[in-house]
Amino acid sequence: MELSCSDETARTKRLTVDATQKIGDRKRFIWPAAAIAIGALAGTNPFYKPHITLTLGIAAWFIDAALVLLFSANAVTARIGVLVAGLFLAVPCFLRAPPLSRCLLMCCMAFPLAVIALPLLIPPNADLRVRLAYFFTWLGTREVKRRTRSFDMASLLHLIAATVVFTTALASVKAVPAAGSWLFVRWLAGGIMIFAFAGMATASHDLVTAMMGLTAPSLLRSPYLSTSIGEFWTKRWNPAASVLFFHRYFFAPLARRGVAFALFAAFFVSAVAHVLLPYMASGKWGISLMCGTFFLVQPPLIAAERAMKVRRWRPAAARAWTLGALAITSPLFVEPALQLMEPSWGAPDTVLFAAIAVLGFVFIVNILYALASVVFCLNR
């Protein structure tokens, strides 16, 4: 028998309705946007370029998290805190470490910023636990439940298979030169590697939550099973970003001016974010602009599949369309991703350490996310 966190869910749903009905929502969004701009300017300025160690960068994250908790008391202090959290986004730019380490630390720095922004988006009388429950249930759109604890053998087998595919694809990428006709092999293997990573994240989430006796939303949901480009972006590849940010603040408000316009606006903002992230991690404009372009070509693909009525196709045909369309455009994303990862994955003839590191990373993220869901979303 499942025990639902109904009280918390009801409260977070009420917060969602209240926040949606407030006209000032979009005005309050100016503060998080200003924070991101401050971080970007601080990280790319040519006048101050300190070099810090990875240890110091991790320490800065803990300081950032502590300040976020301190400033989260109410909406007034949160305005100060959100700007401070935005400034901390620049810390990874000064890290004396490979681009991948800077990129991962930057993603971690974005989490306190998201948490501190919550008091600006919901009623200020909500306590910290309710605000965090609002966040971990994706603005009250998802439910966290208890269930009978179990060991999910199917998820374990899925995890093993995804890890094997990831390791094989990584070995293929490392074995071929990044030039000439070998680029097609490199991009294909790199795309498979990214899908395998998503499979590892999905399977480890299901395994962890089953053992904890928990039902909670997943950050990745087997993207290779997508039967449309729209489904890929809204339900399978980082759906939390769509729910928490892009759909709420860009697509929904702009849809009255036309669905195509709203769709392009949401992906344009995503493109800007994916230009800034690799640039602040690597300092290379070429791969950064390439990565941003990948997101700009998604709206035409979605428009095309709507015109072709892909969602009415048989699942196998729809899945072939989705994977084929993504494969054609994938070099725009895969090549920047590979260039960010290459300095960190070791010697050309070794893949085991990198595979173990990725496996450990997805488990740590899912365990922390599941623990947060238990602490903040379930009744004690």
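Values in this text are rule-based calculations from the coordinates and carry no lab data. Owing to the predicted nature of the structure, the values given are computational and were not obtained by experimental measurement. All Cβ positions, glycine included, derive from the backbone under ideal geometry; neighbour counts span all protein chains shown.
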*By per-residue mean of other Cβ atoms within 10 Å, what is the highest-first order of 223-235, 360-372, 301-313?*
223-235, 360-372, 301-313
*asked:* Per-residue counts of other Cβ atoms within 10 Å, averaged by peptide: what ranking do you get for 159-172, 128-141, highest first?
replied: 128-141, 159-172
*asked:* Could you check the spin-label model distance between ALA316 and LEU371? Points 7 Å from the Cα along Cα→Cβ, value in nm.
replied: 4.5 nm
*Answer with one residue from THR322, THR141, GLY81: the one whose Cα lies farthest towards the positive end of the charge dipole of the chain, charges on Cβ with Lys, Arg +1 and Asp, Glu -1.*
THR141
*Based solely on its DSSP helices, what 222 nm [θ] is calculated for the chain when runs of n ≥ 4 H residues each add -39,500 (n - 2.57) and the sum is averaged over all residues, nearest 500 deg cm²/dmol?*
-21500 deg cm²/dmol
*May I ask you to order 269-276, 176-183 by the average number of other C-beta atoms within 10 Å around their residues, highest value first?*
269-276, 176-183
*How many nm is it between the label spots at ALA357 and ILE63, if each spot is 7 Å from the Cα in line with the beta carbon?*
2.6 nm
*When the chain is fully extended, how far beyond the present Cα-Cα distance does ALA33 get from CYS107, taking 0.36 nm per residue of separation?*
25.0 nm
*Work from the charge dipole of the range 78-231 (Cβ charges, +1 for Lys and Arg, -1 for Asp and Glu, about the Cα centre) and give the residue of ILE229, ALA161, SER204 farthest towards its positive end.*
SER204
*Amide hydrogen neighbours beyond the local backbone of ILE52, cut-off 5 Å, H modeled*: LEU95, ARG96
*Label points 7 Å out from Cα along the Cβ direction at HIS51 and ALA114: separation in nm?*
3.3 nm
*asked:* Charges on Cβ only, +1 for Lys and Arg, -1 for Asp and Glu, centred on the Cα centroid of the chain; of ALA337, ASN238, SER101, which one is farthest towards the dipole's positive end?
replied: ASN238
*Over the alpha-carbon set of the range 265-348, work out the extent along each principal axis and list the three values in angstrom, largest first.*
44, 34, 13
